[in-house]
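Right, one structure below, let's go through it.
The values are calculated or read from the model by the stated rules, or taken from the named source; none is laboratory data. No experiment lies behind these values; they were computed from the predicted model shown. Note that each Cβ is placed from the backbone with ideal geometry, even for glycine, and that neighbours are counted across all protein chains shown.
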Amino acid sequence: MLYAMTRLWAGTREGLIRTVLVSAGIFGASHLIHIALGKPVPQTLLLAISAGLGGVFYGTITLRGGSIWPAVVAHGVLNGVISVAVLNQPDYSQTVSAWLLIILSQIPVALFSAYLIARTPTRSTIPDAP
C-alpha cells in the first residue's frame, strides 16, 4: 500500500507525510485483529497505537532507502527481541502501564522519523513495485 500511496502522493512534501501517516495508521489498525484472538481491548488498542508509531519509522526507512527490506528486518528483529525478553519473564503480563511506557519510548523515534520524511526529496522515492 505504501507503494501505491507513494505513486499517488509523492510529488509533494505533504503527500510524502500523508503517505507515511496513512500507511502507519493502517499498519497499526491491522494489529486490532488481536481483539478477535481474545486479547483484552485496552491492551490491544495500545498495541495498535504502538504499532502505528513503529509504522511511521518503517514507512520512513522504506521511502528513504527505496526498499521495504530494511523495515522488514527491523520489524523482525524488534519482534524477536521482545519475544526473547518475554520468554525470560515467566510471570509477564501485558498491562496498560507497560504499554504506555512502550508508547512513550517510541515517540522520539516517530518524531525523528517525521523529521526525516519531511526532509525527503519529493521526487519519486520508490522504485517500481516488484
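Can you pull out the residues in the stretch 27-39 that are surrounded by fewer than 15 Cβ atoms within 10 Å (Cβ to Cβ) and either at pLDDT below 95 or more than 18 Å from Ile102 (Cα to Cα) (or both)?
Ser30, Ile33, Ala36, Leu37, Gly38
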TODO: Please work out which residue is surrounded by the most Cβ atoms within 10 Å (Cβ to Cβ), limiting yourself to the stretch 109-130 and to residues that are at pLDDT 60 or above and of a type in the set (Ser, Thr, Tyr).
DONE: Ser113
Task: the stretch 5-21: number of residues that are among the hydrophobic types (A, V, I, L, M, F, W, C) and more than 12 Å from Leu63 (Cα to Cα) - done: 3
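Per-residue answers, yes or no, for (1) surrounded by fewer than 14 Cβ atoms within 10 Å (Cβ to Cβ); (2) touching a residue at least 12 places away in the same chain (Cβ under 8 Å); (3) in a helix (DSSP H, G or I):
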{"site": "Thr44", "(1), (2), (3)": "no, yes, yes"}
{"site": "Ala51", "(1), (2), (3)": "no, yes, yes"}
{"site": "Phe57", "(1), (2), (3)": "no, yes, yes"}
{"site": "Arg64", "(1), (2), (3)": "no, yes, yes"}
{"site": "Val72", "(1), (2), (3)": "yes, no, yes"}
{"site": "Gly80", "(1), (2), (3)": "yes, no, yes"}
{"site": "Ser83", "(1), (2), (3)": "yes, no, yes"}
{"site": "Leu101", "(1), (2), (3)": "yes, no, yes"}
{"site": "Ile107", "(1), (2), (3)": "yes, yes, yes"}
